[in-house]
1. Which shape class, rounded, prolate or oblate, goes with the chain when its Cα gyration tensor gives a ≥ b ≥ c as root eigenvalues, a/c under 1.5 marks rounded, and past that a/b bigger than b/c marks prolate?
2. Lys/Arg Cβ at +1, Asp/Glu Cβ at -1, dipole of the chain taken about the Cα centre: which of I86, P55, P72 is farthest positive-ward?
3. Specify the longest stretch of the chain that does not include any exposed loop site, a site being one of the GluC sites (Glu not before Pro) with a non-H, G, I, E, B DSSP assignment and at most 16 other Cβ atoms within 10 Å.
4. So, with +1 on the Cβ of K and R and -1 on the Cβ of D and E, and no other charges, what is the size of the charge dipole of the chain about its Cα centre, to the nearest 20 debye?
5. Would segment 21-74 count as rounded, prolate or oblate if I go by the C-alpha gyration tensor, calling it rounded below 1.5 in a/c and otherwise prolate when a/b exceeds b/c, oblate otherwise?
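Derivation of every value follows stated rules applied to the coordinates shown; laboratory data play no part. Note that the structure is a prediction, hence the values are computed from the model and not measured. Counting neighbours? That spans all protein chains shown, and the Cβs are built from the backbone with ideal geometry, glycine included.
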Amino acid sequence: MKILIAEDDNLIRKTIEIKLAKDGYEIISCSEGNQALESIRSEKPDIVLTDIMLPSVSGLEIVSAIKQEGSPIKVIVLSTMGQENIVEEAFRLGADDYMTKPFSLTELSIRVKKLIQSR
């Protein structure tokens, strides 16, 4: 299983990478939105974890692009923005799950496993 992490905060991205790699997933890592979109098209991950506030292309735009292409990729949106309208927009665009930072790595791991089981 391949997971793409699109997160511009290096510490958060590396921490997630380490946890999910320990869980046995192949990790693709990006620090900005354009890079994430390119990697999604070339690497075909099973799950994308994306921050909302990314340089060049936002996480919401990434969600929209994945879902408009009819892709089976599952998406978890990660954000410090717990604002209700942002959460609603993420789900309207097709996000499969949403986590507000800071979050538990154990909870993230459980949510990833649940998405994989729902495929």
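1. Rounded, because the longest to shortest axis ratio a/c is under 1.5.
2. P72
3. Values: sites that count: E32, E69.
Looking at the chain, 70-119 is the longest stretch - no exposed GluC sites (Glu not before Pro) with at most 16 other Cβ atoms within 10 Å.
4. Details: 15 positive and 19 negative charges, 97 e Å.
Using Cβ point charges on Lys, Arg, Asp and Glu, the chain gives about 460 debye.
5. On the way: a/c = 1.80, a/b = 1.24, b/c = 1.45.
Here segment 21-74 falls in the oblate category.
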